[in-house]
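Computed from the coordinates by the stated procedures, all read-outs in this text should not be read as laboratory data. In this text, all values refer to a predicted model and were calculated from it rather than measured experimentally. Cβ placement follows ideal geometry from the backbone for every residue including glycine, while neighbour counts extend to all protein chains displayed.
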Amino acid sequence: MLELTRRLESGVPDKTLTLPLEKRIRGRLRVTLDDGTDAGLILDRGPLLRDGDLVGSLDGVIVEIKAADEAVSSVYCEAHLMLARICYHLGNRHVPLQIAPGMVRYQHDHVLDDMVRGLGVEPHFEQAPFEPEPGAYGGKGHGHSHNHAQADRDESCH
């Protein structure tokens with residue numbers, strides 16, 4: 001069994017490992033790589049594994065982590081104030097959120113979907129990778145580039 005014991009900053013991956021969020025938050029886990037290889041993930045406690053992260057074995061095998069598609073609810077909204085309200089109400093329930101320009105995503109939950117509908121926006125059920133914000137104390141940030149100074153627009157949600 002391949003033992004993946006190190007987080008790597010760089011390298012060329014030999015293999016991939018696709019995992020949902022619930023498994024990417026764990027440091028010790030028996031896994032099957034995408035090519036069928038049995039492996040053990042044996043990492044020190046630390047930030048969750050994100051899509052594109054690299055882990056390696058002592059004998060030099062490098063594995064790239066891939067975020068699996070999972071059941072999520074996504075809200076697409078260009079109205080910045082409405083999107084902020086949605087994030088506030090979801091965050092007030094300590095729900096992990098993936099936030100991107102014009103979009104917020106959370107693990108699918110019909111009660112949360114009803115709450116979002118109550119705010120006047122229809123969430124979309126999807127199968128998609130879930131990459132929540134790491135939080136104020138944990139990790140690399142949100143990992144994308146865009147202009148945070150972009151002017152507010154009063155556009156609709158969909």
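Enumerate cysteines in the chain without a disulfide-compatible partner, where compatibility requires another Cys Cβ under 4.7 angstrom.
Cys87
Subtract the Cα-Cα distance of Glu126 and Val12 from 0.36 nm times their separation in residues, and report this length gain in nm to one decimal.
Result: 37.9 nm gained on full extension.
Taking the simple approach of a point 7 Å from Cα along Cα-to-Cβ for both Glu3 and Ile42, what is their distance in nm?
Label at Glu3, label at Ile42, 0.3 nm between them.
Quick check: net charge around Ala68, other residues with Cβ under 12 Å of its Cβ, Lys/Arg +1 and Asp/Glu -1?
Details: positive: Lys23, Arg24, Lys66; negative: Glu22, Asp34, Asp51, Asp69, Glu70, Glu131.
Here the count lands on -3.
Please report the net charge: other residues with Cβ closer than 14 Å to the Cβ of Asp38, K and R +1, D and E -1. All intermediate terms of the calculation are to be shown ahead of the outcome.
Values: positive: Lys15, Arg30; negative: Glu3, Asp34, Asp35.
Within the 14 Å Cβ shell, the charges total -1.
Per residue of the range 74-79, in order, report the coupling 6.51 cos²θ - 1.76 cosθ + 1.60 (Karplus, θ = phi - 60°) as ³J(HN,Hα) in whole Hz, putting x for Gly and Pro.
Rounded to whole hertz, the list is 10, 10, 9, 7, 8, 7.
Which one, [x] -0.55, -1.07, -1.21; [y] -0.68, -1.06, -1.13; [z] -0.80, -1.20, -1.26, gives log10 I(q)/I(0) by the Debye sum over Cα atoms at q = 0.13, 0.18, 0.19 Å⁻¹ as derived from the coordinates shown?
Read-out taken from this structure: [y].
Per residue of the range 53-61, in order, report the coupling 6.51 cos²θ - 1.76 cosθ + 1.60 (Karplus, θ = phi - 60°) as ³J(HN,Hα) in whole Hz, putting x for Gly and Pro.
Per-residue couplings from phi come out as 5, 10, 10, x, 9, 5, 8, x, 6 Hz.
Quick query: amide H of Leu8 versus all other amide H atoms, modeled in the peptide plane; which residues come in under 5 Å with a sequence gap of 5 or more or a different chain?
Leu54, Val55, Gly56
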